[in-house]
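Asker: Could you have a look at this structure, given as structure tokens, before my questions?
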Amino acid sequence: MLKDKHIIVGVTGGIAAYKVADVVSRLKKQEANVEVIMTRNATKFISPLTFQTLSSNPVYIEMFNEPKSYDVEHISLAERADMFLIAPATANIIGKIANGIADDLLTTTIMATKSKVVFAPAMNTNMYMNPIVQENINFLKKLGYEFIDPGTGLLACQTYGIGRMAEPKEIVEFIINYFNNKQLVGKKVVVTAGPTMEPIDPVRYITNHSSGKMGYNIAKEARDRGADVVLIAGPTNIEPPAGVEVVRVNTTREMFDAVEKHFSSCDVLIKAAAPLDYRPEKVMKEKIKKDSEGMEELNIKLVRNPDIVSHFGKIKGDRIVVGFAAETNNLIQYAKEKLIKKNLDFIVANDISREGAGFKSDTNIVSIIDKEGNIEDYPILDKNQVAKIVLDKVCTMLNIKS
């Protein structure tokens with residue numbers, strides 16, 4: 001909830017302005033106090049009355065309106081803001097702020113505020129990718145301004161590409177996350193998720209049923225707690241959480257290399273992926289063909305892949321390393337053996353044969369075992385709830401209070 005949070009929403013002249021009405025509505029439902037500043041061009045796309053109705057507050061447009069009080073308007077707005085959201089953020093407004101231009105009420109108020117300023121860019125793909133715009137964005141990021149990355153899709157100009165303003169739900173989620181308890185600020189958390197795949201030939205491969213849902217939920221929860229999160233994901237079909245660095249991999253070796261790249265700088269490694277233990281010894285350069293009489297058997301020799309969690313568990317030092325054990329029998333026994341053998345701080349064990357605990361399910365039924373042998377059993381829970389439990393335990397081990 002955003003009760004008692006004062007959020008100023010700056011609306012600029014872009015077609016995505018209509019989506020900001022939904023943002024304001026959602027913020028009000030979170031009990032935020034919302035005030036809206038519109039540029040003159042923004043009023044060409046959506047009526048100020050819409051925002052006045054949704055926010056239950058006056059809408060500010062002109063720099064030199066007849067004063068309704070003795071406050072200097074742009075200063076008073078700037079001082080009472082807990083956050084300043086610019087949506088849609090056009091190339092024009094980004095360029096103005098990057099270059100210190102304050103020539104209307106919106107830009108002047110942004111310059112005067114000490115609160116967090118967040119931009120939600122929306123523009124044509126070519127404009128967004130223009131080196132000048134990218135340089136302005138990078139410059140503002142270095143100064144501490146936040147950006148909610150745009151999405152990819154069909155744009156108003158009927159071209160397909162990056163530049164769609166983030167969806168209202170994503171924007172409000174970002175704001176809620178910002179005000180949440182930031183237990184893990186200053187900590188780097190590396191999370192692995194999903195399966196890996198090993199090629200047999202140019203058209204075939206072996207893999208498993210892991211969906212990546214558990215790892216993605218953990219990455220999102222770590223982000224919500226303020227961590228610097230790196231999500232190393234095998235082949236998945238899930239939209240990654242905003243504000244997380246995503247590293248895409250295919251094979252187990254690629255996942256190993258990605259973890260190795262980030263391991264020395266991380267505080268926590270949560271190994272939620274299900275990488276393949278074996279790979280074909282030889283990958284055929286051409287598609288394997290059946291002979292003219294039909295191929296009755298195809299024998300593929302498999303060799304061991306590197307054991308990622310075991311390798312990094314043994315060299316973890318002061319880092320926290322968390323593993324997962326997906327089993328179909330002898331769950332606790334096998335999980336305990338894995339915990340000890342791989343030098344983990346704790347392990348999350350689940351019997352994937354149970355209804356509601358499988359790879360592709362949105363729920364899980366887990367037992368958490370620590371290196372002292374303590375076992376905590378949990379009922380069926382949504383995977384986002386399991387993620388909270390895992391991160392609570394990580395915070396306890398880091399001596400961070402809730």
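Asker: Can you pull out every residue in the range 75-95 that is surrounded by fewer than 20 Cβ atoms within 10 Å (Cβ to Cβ) and touching a Lys or Arg at 6+ places or on another chain (Cβ under 6 Å)?
Answerer: If the condition is that a residue be surrounded by fewer than 20 Cβ atoms within 10 Å (Cβ to Cβ) and touching a Lys or Arg at 6+ places or on another chain (Cβ under 6 Å), then 82 is the only one that fits.
Asker: Among the listed residues 394, 390, 348, which satisfies the condition of being at pLDDT 95 or above and closer than 18 Å to residue 210 by Cα?
Answerer: 348
Asker: Would you pick out the residues in the range 1-33 that are surrounded by fewer than 24 Cβ atoms within 10 Å (Cβ to Cβ), among the hydrophobic types (A, V, I, L, M, F, W, C) and over 23 Å from the mean Cα position of the chain (by Cα)?
Answerer: If the condition is that a residue be surrounded by fewer than 24 Cβ atoms within 10 Å (Cβ to Cβ), among the hydrophobic types (A, V, I, L, M, F, W, C) and over 23 Å from the mean Cα position of the chain (by Cα), then 15, 21 are the ones that fit.
Asker: Of the conditions (1) closer than 14 Å to residue 192 by Cα; (2) not in a helix (DSSP H, G or I), residue 284 fails just one. Which one is it?
Answerer: With (1) closer than 14 Å to residue 192 by Cα; (2) not in a helix (DSSP H, G or I) applied to residue 284, the lone miss is (1).
Asker: Of everything in the range 313-328, what is closer than 20 Å to residue 395 by Cα and either outside the structural domain of residue 201 (by TED's automatic domain parsing) or surrounded by 13 or more Cβ atoms within 10 Å (Cβ to Cβ) (or both)? Give them in sequence order.
Answerer: Residues satisfying the conditions are 313, 316, 319, 320, 321, 322, 323, 324.
Asker: Find the residue count for the range 248-268, including only residues that are closer than 19 Å to residue 214 by Cβ and surrounded by fewer than 18 Cβ atoms within 10 Å (Cβ to Cβ).
Answerer: Residues that pass the stated criteria total 1.
Asker: Still on this model: Quick check on this structure: which one of 239, 245, 198, 221 is buried (at least 19 other Cβ atoms within 10 Å of the Cβ) and farther than 21 Å from residue 303 by Cβ? Please lay out each step first, then the result.
Answerer: Values: 239 fails: buried (at least 19 other Cβ atoms within 10 Å of the Cβ); 245 fails: buried (at least 19 other Cβ atoms within 10 Å of the Cβ); 198 fails: farther than 21 Å from residue 303 by Cβ.
Just a single option satisfies the conditions, and that option is 221.
Asker: State the number of residues belonging to the range 269-283 that are closer than 18 Å to residue 211 by Cα, touching a residue at least 60 places away in the same chain (Cβ under 8 Å) and surrounded by fewer than 24 Cβ atoms within 10 Å (Cβ to Cβ).
Answerer: 1
Asker: Let me ask something else. Tally time: how many residues in the range 79-117 are under 26 Å from the mean Cα position of the chain (by Cα), among the polar types (S, T, N, Q) and at pLDDT 95 or above?
Answerer: Total meeting the criteria: 1.
Asker: Filter the strands (runs of 3 or more DSSP E) completely within the range 330-402 down to those with at least 3 residues that are β-branched (Val, Ile, Thr) and within 29 Å of residue 318 (Cβ to Cβ).
Answerer: 366-370
Asker: Still on this structure, I have one more. Quick one: is residue 247 over 21 Å from residue 306 (Cα atoms), in a strand (DSSP E or B) and in the same structural domain as residue 314 (by TED's automatic domain parsing)?
Answerer: no
The values are calculated or read from the model by the stated rules, or taken from the named source; none is laboratory data. Keep in mind that this is a model prediction, so the values were computed, not measured. A quick note on method: Cβ atoms are made from the backbone with ideal geometry, for glycine too, and the neighbour counts reach across all protein chains shown.
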